[in-house]
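Structure record follows, encoded as structure tokens.
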Amino acid sequence: MKSRAVMLVVALCALLGAGVFSWWKVRAVESPGPEVPPSPGAVTQGPRAPLAGAPAPGVAGAPTPPSPGAALPSLPGSLQDTQEDGAVFVDASGHLVPNPDLLRLFNYYLSATGEESPALIRERILASLRAKKLPPAAMDEAVQVLDDYLSYLEAARSLARTRSAATMDTAERLEALRKLRREHLGGSAEGMFGQEEAVDAVAVERLKLQKDASLTAAERERRIAALEERLPPEVRQGREEAVRPLRQRAVEQELLAGGATAEDLHQHRLSTVGPEATERLEALDRERAQWTQRLADFRAKREALGRTQPDPALRQAAVQRLLFDSFTPEERLRVEASEAIEAASGGG
């Protein structure tokens, strides 16, 4: 039973990963960001003419954003008690370095779309850039890249409204976005999106390989491994760190299934992950064992209620009291998830 549940969790995780990838990419086309007024003109570090005060589309009575130097309104609810994401990098010549950190900075403020007018969001980004005291050339370039990025988002939104977009598959949508980025962002597109696009391309090819019924399992794994080599080194390192615990767990399960003792497992961990990680893993083992026992005790008491309380309504109320008395709110979520997995695996 436990092995079936574990297999189901792994399968669910794999499906979730693919689903998140597809959902995010579709959303990137369908809802790429706010509609933003055109750039007010030449970019300088000096005072900027305020944007037109007409309400932004979808935002009733949106106020005119404050002019540079004026106090901005308090952050919207979604950004309160958060730290600004991203960063701005400048090279030795005082010019902007467009990269994913700059993109994250823009998107941090753009995440408030719907809470604030597009013009106010843009002014918040400009205020953040000014606060960084960038060299004049870098400041001008950052504002230009911002306006180019907002123009790209509008173009992506327009693409999503076309009839052809509805028939595009994931690969076609990603390619359409790639072209739009270079059309609107020029040379900055590679620095801001190049790594993301490389990961996307590998993900698309991986999905194709997984669906290719003509490949043997060994051939599929070989080709997928070759695909992974195309990823940027930092991405490969991040993926390796992410899957290392899963691989460690799988090896340990094989050892235990083969009759390994607790001491065998301890020595294996010492030799593979070192003493500090071994201590953490063994502490985790103890926590898992305690949780498993608590869950078993709850289920035993629930079964006893089923035998001693014939009235369905009273039995259900007693089970709810037992659940609330036995677990914290966070733990109750784990119980519900465990029950769902158990039922889906045929053990309910």
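The values are calculated or read from the model by the stated rules, or taken from the named source; none is laboratory data. This is a predicted model, so every value here is computed, not measured. Cβ atoms come from the backbone with ideal geometry, glycine included; neighbour counts cover every protein chain shown. With ligands, DNA and RNA removed, areas are computed over all heavy atoms of the protein, side chains included. Shrake-Rupley method; radii C 1.70, N 1.55, O 1.52, S 1.80 Å.
Points to keep in mind about this one:
- The stretch 197-220, subset basic (K, R) and in contact with a Leu (Cβ under 9 Å, 6 or more places away or on another chain), residue nearest to R178 (Cα to Cα): R206
- Residue satisfying all of: in the stretch 299-340; open to solvent by 70 Å² or more (accessible area, probe 1.4 Å) and under 26 Å from the mean Cα position of the chain (by Cα); farthest from R288 (Cα to Cα) among these: P329
- Count of residues meeting criterion [part of a helix (DSSP H, G or I) and either farther than 19 Å from V88 by Cβ or touching a Gly at 6+ places or on another chain (Cβ under 8 Å) (or both)] in the stretch 145-163: 11
- Among all positions in the stretch 277-288, there is no residue which is of a type in the set (A, V, I, L, M), touching a Leu at 6+ places or on another chain (Cβ under 8 Å) and closer than 15 Å to R249 by Cα.
- For the residues R181, R206, R157, the requirement of being of a type in the set (K, R), within 23 Å of the chain's Cα centre (by Cα) and modelled with pLDDT of 95 or more singles out R181.
- Considering only residues in the stretch 164-193 that are acidic (D, E) and either touching a residue at least 12 places away in the same chain (Cβ under 8 Å) or assigned to a helix (DSSP H, G or I) (or both), the one that is most open to solvent (accessible area, probe 1.4 Å) turns out to be E183.
- The test for being surrounded by 13 or more Cβ atoms within 10 Å (Cβ to Cβ), at pLDDT 90 or above and out of contact with any Asp or Glu (no Cβ under 8 Å at 6 or more places or on another chain) does not hold for L281.
- Any hit, the stretch 221-229, residues being surrounded by 13 or more Cβ atoms within 10 Å (Cβ to Cβ), touching a Leu at 6+ places or on another chain (Cβ under 8 Å) and over 30 Å from S271 (Cβ atoms): yes
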